[in-house]
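The values are calculated or read from the model by the stated rules, or taken from the named source; none is laboratory data. Given the structure is predicted, the values throughout are model-derived calculations rather than measurements. Ideal geometry is used to build each Cβ from the backbone, glycine not excepted, and the neighbour counts take in all protein chains shown.
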Amino acid sequence: MRKNSIKNLRINGEVLRVIAEAVRSSKDPRISKLASVTDVSVAPDLKTCKVKVSVLGSEEEKQRTFEGLQSANGYIRSVVADRLNMRRTPELVFLEDDNTAYAIHMSAKIDEVMARDEEARKARKETDGNVAGG
């Protein structure tokens with residue numbers, strides 16, 4: 001099976017759905033409620049699966065969440081094996097996905113620039129009005 005074949009993409013989608021559900025239903029208190037599975041990449045030979053997880057919060061919360069995910073690895077893997085009929089159940093490797101945090105950061109920067117731009121526009125109008133009226 002090739003990496004980007006239709007079959008591999010379908011497997012990735014199903015594994016993502018099942019893992020996301022398993023993470024949400026996990027009872028480990030270390031796993032943050034603000035953790036979300038953003039992407040999975042199952043190897044074509046079905047031996048490994050890279051799971052990208054985004055966690056909103058402090059570095060300490062991220063660290064605890066990944067410790068909890070590692071601890072719940074067996075449970076999550078058993079849920080995948082139970083729900084999906086695959087030849088093999090892949091080994092799960094959890095990776096941090098900071099794209100969501102980066103997007104929030106960039107959105108805040110854009111809002112900040114827009115606010116400064118609006119202030120500058122208002123200041124120009126006031127200055128133009130004083131010169132024309134004087």
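What to note about this one:
- For the range 21-37, a residue qualifies if it is within 15 Å of Ser78 (Cα to Cα) and in contact with a strand residue (DSSP E or B) (Cβ under 7 Å, 6 or more places away or on another chain), and exactly one does: Val23.
- Cross-chain or 6+ apart pairs with Cβ under 9 Å, the range 30-46 first and on the phi > 0 side of the Ramachandran plot, then buried (at least 16 other Cβ atoms within 10 Å of the Cβ): Leu46/Ile11; Leu46/Thr89; Leu46/Pro90
- Yes/no for Ser78 being among the small types (Gly, Ala, Ser) and part of a loop (DSSP other than H, G, I, E, B): no
- The single residue among Lys125, Lys62 that is without any contact (Cβ under 8 Å) to a residue 60 or more places away in the chain, over 15 Å from Val18 (Cβ atoms) and out of contact with any strand residue (DSSP E or B) (no Cβ under 7 Å at 6 or more places or on another chain) turns out to be Lys125.
- Cβ separations smaller than 7 Å between residues 6+ apart or across chains give the following pairs from the range 93-109 residues that are of a type in the set (Val, Ile, Thr) to residues that are modelled with pLDDT under 90: Thr100/Leu56.
- Checked against the criteria, Ser107 does not count as in the same structural domain as Arg2 (by TED's automatic domain parsing) and out of contact with any His (no Cβ under 8 Å at 6 or more places or on another chain).
- Ser54 vs. criteria modelled with pLDDT under 95, surrounded by 12 or more Cβ atoms within 10 Å (Cβ to Cβ) and either among the small types (Gly, Ala, Ser) or on the phi > 0 side of the Ramachandran plot (or both): yes
- Some residue of the range 22-39 being of a type in the set (Gly, Ala, Ser) and part of a helix (DSSP H, G or I): yes
- Among the residues of this structure, Tyr102 counts as one that is within 20 Å of the chain's Cα centre (by Cα), farther than 16 Å from Leu16 by Cβ and surrounded by fewer than 17 Cβ atoms within 10 Å (Cβ to Cβ).
- Yes/no for Ala103 being modelled with pLDDT under 95, more than 30 Å from Arg2 (Cα to Cα) and hydrophobic (A, V, I, L, M, F, W, C): yes
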